Amino acid sequence: DSGVTQTPKHLITATGQRVTLRCSPRSGDLSVYWYQQSLDQGLQFLIQYYNGEERAKGNILERFSAQQFPDLHSELNLSSLELGDSALYFCASSVYRNTEAFFGQGTRLTVV
Amino acid sequence: KNEVEQSPQNLTAQEGEFITINCSYSVGISALHWLQQHPGGGIVSLFMLSSGKKKHGRLIATINIQEKHSSLHITASHPRDSAVYICAVKVNTDKLIFGTGTRLQVFP
């Protein structure tokens, strides 16, 4: 158990819908990272937050947004969902920028 | 060309064999990670390296910054080592760039 909790584990939704994925980092970790793993693209970095502020942005679509709350948990919001958004979404946390990151078990999103 | 290349893509071994997985990268990095992903999908961080060598149990990771190359070695491999091993490099913006992974199967 990495100490990073992601909910839900599985999510099935229809095209055009909006979903929210939640991540609770390890106790004391200030950085939260979101990644997407799809069959055709592999693992891709989406976005990073550090202590509530956005720190780095990767290949995140405009339909996607994220935030980190004062209690350090983070949410990834995916809207106007398309079939191609079906993927595993991972959250990871670390104490600071260049320290080891610990991964959650992922949320498997299926868009039908 | 991908910024992070792993080889081989697939690897099969007999239990007890010594295994090496290679990772080459073409960008400047602040650190390199080795990750393990089991069939269930969960990802475990094995190592984070910025220089030299690290060892944890039967796993050894090395990095050569000048040659932009890292290796992950598994000694005395076991069927429970069967997984996908992913190399990822951290660039200065905190972004992680991932390799495509090496699928390892160890047979008894």
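A cut-off of 5 Å between modelled amide H atoms, ignoring neighbours fewer than 5 places along the same chain, links B:Glu17 with B:Ser77.
The lysine pair count for chain B, using Cα distances under 19 Å and pairs eight or more places apart or on different chains, is 9. Calculated accessible area for the protein assembly as shown comes out at 48 Å² per residue, all protein chains present (probe 1.4 Å; ligands, DNA, RNA ignored).
D for chain B, whole µm²/s, Stokes-Einstein with Kirkwood Rh over alpha-carbon pairs at 4 °C and 1.567 mPa s: what number? Estimated diffusion coefficient is 94 µm²/s.
Taking every alpha-carbon pair under 8 Å whose residues sit at least 6 apart, the range A:64-112 reaches a relative contact order of 32 percent.
Of the residues B:Phe107, B:Gln14, B:Gly57, the one whose Cα sits farthest towards the positive end of the charge dipole of the protein assembly as shown is B:Gly57 (charges of +1 on Lys and Arg Cβ, -1 on Asp and Glu Cβ, taken about the Cα centre). Legend: mean number of C-beta atoms from other chains within 10 angstrom of residue C-beta atoms, peptide A:29-42, equals 2. Taking only the Cα atoms of the protein assembly as shown, the radius of gyration and Dmax are 17.3, 50 Å. When the accessible area of the protein assembly as shown is split by element with a 1.4 Å probe, what percent falls to carbon and sulfur? Of the solvent-accessible surface of the protein assembly as shown, carbon and sulfur hold 48 percent. Rounded to the nearest 20 debye, the dipole magnitude of the protein assembly as shown is 240 debye, with +1 charges on Lys and Arg beta carbons, -1 on Asp and Glu beta carbons, and the Cα centre as origin. When only Cα pairs below 8 angstrom with a gap of at least 6 residues are kept, the range B:1-89 shows a relative contact order of 36 percent. Looking only at the range A:75-92, which residues have a backbone nitrogen under 15 Å from a spot 7 Å from the Cα of A:Val112 in the C-beta direction? Residues A:83, A:86-87 fall inside that zone. Paramagnetic label reach from B:Ser30 (point 7 Å along Cα→Cβ; backbone nitrogen cut-off under 18 Å): within the range B:87-101, residues B:88-98. For chain A, the average shadow cast by the Cα convex hull is 6.3 nm², which is a quarter of the hull's surface. Legend: mean number of C-beta atoms from other chains within 10 angstrom of residue C-beta atoms, peptide B:38-44, equals 5. If you look at the Cα atoms of the range B:1-52, you get an Rg and a Dmax of 13.1, 36 Å. When the residues A:Ser31, B:Ser30 are ordered by accessible surface, computed with a 1.4 Å probe over the protein chains alone, the sequence from largest down reads B:Ser30, A:Ser31. Remark: the B:His69-B:Asn92 segment gains 6.5 nm on full extension, using 0.36 nm per residue and subtracting the alpha carbon distance. What you get for the range B:1-106, charging only the Cβ of Lys and Arg (+1) and of Asp and Glu (-1), is a dipole of about 200 debye around the Cα centre.
The values are calculated or read from the model by the stated rules, or taken from the named source; none is laboratory data. All values reported here derive from a predicted model rather than from experimental measurement. Neighbour counts run over all protein chains shown; Cβ positions are idealised from the backbone, glycine included. Ligands, DNA and RNA are stripped out before the accessible areas are found, and what is left, the full protein with its side chains, is counted by its heavy atoms. Shrake-Rupley method; radii C 1.70, N 1.55, O 1.52, S 1.80 Å.
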